[in-house]
Amino acid sequence: MLIPNKMNRISEEVNIKENNLSESSLFSDVCGIIDNVRKRVAVYVNSDICLTKWYVGKRIKEDVLYNQRAEYGKQVVKNLALKLTKRYGKGWGYESLKHCLRVAETFTEAEIGYAVRIQFTWTHIRSLMFIEDPLARQFYMEMCRLEHWDTRTLNAKIDAQLYERTAISQKPEELIKQELAQLKEENHIQPDMVFRSSYFLNMLGLPEMFTEKDLESAIISQMQEFICEIGSDFAFLGRQKRITVDTVDYYIDLLFFHRSLRRLVAIDLKLGKFKPEHEGQMRLYLRYLDKNERREGEESPIGLILCSEGNTEHIEYLMLEENSPIKVAQYYTQLPDKKILAEKLQRAVAIAKERIVENNENE
């Protein structure tokens, strides 16, 4: 039997615990309210900042175009910056006004309104405004929206020439416009927006001499960085996936699932250049996966052959087959010089254009 003093102490401890739980719940709820309001306020503030800067740039552009003198415009912007800085502070200096003008020259009112609706920050917009090709800029906008890139990721993708390395960039302009419009309106992503002509695997830290098995192991150990390079919608399923055909065992190096494409993606790693027999091996993998691993609601599997050497014409021509379920790309274990990469990409585009002309002449 409990004595009264002990019973009182137990009752007090229970009350204290209940009060602590109640206070903890109250604190959590109040924090939730404050955080939600802050997020909404941040969205509104960001929208106002972006629109304000665009309208300021538009007004400056109208004044400069009206007078039709470049030097006049430069001096006007400098004078305006001095007056605005004196009244509103450092945020309206000469460089800031140049950015406002550049944004107004780059984006239409509808485009800046769209960027605000999908909650791009001013930093996102500033990065996009330096992309001169409108189709490349739209590609980065839609992929950024779809994959929720922060500004650091967006800048990294632009610096690595993601659009130029992606198969969609090698298509006719009208077809690119159609596919980007479909992506914007329906969130329907095409394989050619995902797979690239080359991949940078410098994050793996491989030695000069390495085997396909070394490459595979390095990718597994650095999976997060690898997925960032190939695309954030890839979900890793396994390595050395065994399949058996006529009692013969084959092994798929890496198996992924791409959420937006709703497809299994088999990746085969090859040292050296692409060989025609690599395609036959991959077709076997894909047919097996299609028959035995594909689930209801999924599209047919797709394959990616990563070769350490290229870009051979074998790779470039195979990459250009729009309906092919197999993509071939070169990978770099060290970042190549941007100029060299640009030359390779220009060569691939030239081959694409020649092929389109040949097809048109044959029809």
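The values are calculated or read from the model by the stated rules, or taken from the named source; none is laboratory data. Note that the structure is a prediction, hence the values are computed from the model and not measured. Every residue, glycine among them, receives a Cβ derived from its backbone with ideal geometry; neighbour counts consider all protein chains shown.
Please go through segment 264-307 and pick out each residue that is in a strand (DSSP E or B) and of a type outside the set (Gly, Ala, Ser).
Restricting attention to segment 264-307, the residues satisfying the condition of being in a strand (DSSP E or B) are 264-270, 302-307.
Within segment 264-307, LEU264, VAL265, ILE267, ASP268, LEU269, LYS270, ILE302, LEU304, ILE305, LEU306, CYS307 meet the criteria.
Picking from ALA81, ALA42, ALA70, which residue would you name as being at pLDDT below 65, touching a helix residue (DSSP H, G or I) at 6+ places or on another chain (Cβ under 9 Å) and either of a type outside the set (Val, Ile, Thr) or on the phi > 0 side of the Ramachandran plot (or both)?
Numbers: ALA81 fails: at pLDDT below 65; ALA42 fails: touching a helix residue (DSSP H, G or I) at 6+ places or on another chain (Cβ under 9 Å).
After applying the criteria, what remains is ALA70.
Which helices (runs of 4 or more DSSP H) sit wholly inside segment 141-254 and have at least 1 residues that are modelled with pLDDT of 80 or more and among the polar types (S, T, N, Q)?
Numbers: elements: 151-159, 162-165, 173-186, 191-194, 212-221, 223-230.
Qualifying helices (runs of 4 or more DSSP H): 151-159, 173-186.
Which members of segment 255-269 meet the condition of being touching a helix residue (DSSP H, G or I) at 6+ places or on another chain (Cβ under 6 Å) and farther than 16 Å from PRO325 by Cα?
LEU269
Going by what's in this entry, would PHE107 be described as among the aromatic types (Phe, Trp, Tyr), under 22 Å from the mean Cα position of the chain (by Cα) and closer than 21 Å to VAL64 by Cβ?
Yes; evaluated as a whole, the condition is true for this residue.
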